[in-house]
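Student: Take a look at this one; I'll ask things after.
What follows is calculated from the coordinates using simple rules that are stated; it is not laboratory data. None of these values were measured; they are calculated from a predicted model. Counting neighbours? That spans all protein chains shown, and the Cβs are built from the backbone with ideal geometry, glycine included.
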Amino acid sequence: MDQAEQLRNIIKANQSPQRPLARVITVTSGKGGVGKSNVSINLALQFRKMGQRVIILDADFGLANIEIMFGTVPKHNLCDLIYKGKNIKDIITWGAGDVGFISGGSGIVGMSNLSKNYLVYIIQNLAQLDAIADVIIIDTGAGISDAVLEFLVASGEIILVTTPEPTSITDSYSLLKALNRHPRFSKEASKIKVVANRVNRIAEGTSLFEKLELVVNKYLKIPISYLGAIPLDNQLAEAVMQQKPVSLSNPNAKSTIAFENIAAKLMGDDKLIKKRGMAAFFSHIITGKKLN
């Protein structure tokens, strides 16, 4: 039995037909500063308003954007689960709007060096998230690092955040190009959806997507779809300064309404999405691990 098969057996042992699987959505961007974490938080809050239980995993190591935007400092992070024996409920911090979040710390990068017993423990804990949350949002780091690509390869549903800036569009294409070259990336298994952020007009977002789609279809042959646009909004900027998500601080803001529309569109796709759950998600990340 090879190492990959051993890992798959561990995953199956911690899943059952009766256990619901969470919908895992990974939010990413080709460069920093495009509002990716804002998108993650506000979509989470909109999902929560629709009755979904939501947890965000902040995988933007070292920056802690999610906790800053929530104005809440977590007591524990994923490193404490991996290395210090904490259980999954210990490391969830509940923020505003009853959205939970997990600070990733830097532990995930070293997961490939863990022993079989550690991996079993981690997977058993991560599998519990499927009973705690209906939707789990992974907020990745920005750019094209190995860690980011591993998260994207593991995800069946990716939201790519970009802006009308030429460099942002170029970096978004570069990210998709790097993802396409990854040996474990599957065009069929991964649904990539684009959000245009900080647009002056709705038509600007549509135009942005069409430009990106044109080059992606021509050179990469990756299917991508358009989720919608978030307008440039002073009220969103003010909410960030106050460390309050705009969806809570100003429900009538232009950006809040845009987040509502995008979340509703995602919920409309819910039955079309094959839900993998968190244990299976992380199995992709550590699939190359030699199990002793």
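Student: Work out, step by step, the length gained on full extension between residue 68 and residue 180: first 0.36 nm times the residue separation, then minus their alpha carbon distance; give nm to one decimal.
Tutor: Stretched fully, the residue 68-residue 180 segment lengthens by 37.1 nm.
Student: For the residues 48, 23, 184, what sequence is obtained by ranking on other C-beta atoms within 10 Å, fewest first?
Tutor: Ascending Cβ contact count within 10 Å gives the list 184, 48, 23.
Student: Work out how much length residue 273 to residue 188 would gain on full extension: take 0.36 nm times their residue separation and subtract the Cα-Cα distance, in nm to one decimal.
Tutor: Taking 0.36 nm per residue and subtracting the Cα distance, the gain is 29.4 nm.
Student: Out of residues 5 or more away from residue 53 or on other chains, whose amide H comes under 5 Å of its own, with H placed 1.01 Å from N in the peptide plane?
Tutor: 134, 135
Student: Next up: Would the stretch 25-285 count as rounded, prolate or oblate if I go by the C-alpha gyration tensor, calling it rounded below 1.5 in a/c and otherwise prolate when a/b exceeds b/c, oblate otherwise?
Tutor: Oblate shape, in that a/c is at least 1.5 and b/c is the bigger or equal ratio.
Student: Based on the mean of other Cβ atoms within 10 Å per residue, sort peptides 232-245, 163-176 so the most packed one is first.
Tutor: 163-176, 232-245
Student: Take residue 83 and residue 234, extend 7 Å from each Cα along the Cα→Cβ direction, and tell me the distance between the two endpoints in nm.
Tutor: For the pair residue 83/residue 234, the computed spacing is 4.6 nm.
Student: Go through the stretch 166-171 residue by residue and turn each phi into a ³J(HN,Hα) via Karplus (6.51, -1.76, 1.60, θ = phi - 60°); whole Hz please, and just put x for glycine and proline.
Tutor: Running phi through 6.51 cos²θ - 1.76 cosθ + 1.60 with θ = phi - 60° gives x, 5, 5, 5, 4, 5 Hz.
Student: In debye, nearest 20, what is the charge dipole magnitude of the stretch 25-285 about its Cα centre with +1 on Lys and Arg Cβ and -1 on Asp and Glu Cβ, if you could check?
Tutor: The calculated dipole for the stretch 25-285 is roughly 500 debye.
Student: Rounded to whole Hz and in sequence order, give me ³J(HN,Hα) for the stretch 210-226 from the Karplus expression 6.51 cos²θ - 1.76 cosθ + 1.60, θ = phi - 60°, writing x for Gly and Pro.
Tutor: Once θ is set to phi - 60°, the couplings for the stretch 210-226 become 4, 5, 5, 4, 4, 6, 5, 5, 6, 9, 10, 6, 9, x, 10, 10, 10 Hz.
Student: Of 75/254; 193/275; 36/254; 75/274, which sit over 25 Å apart, Cα to Cα?
Tutor: 75/254; 75/274
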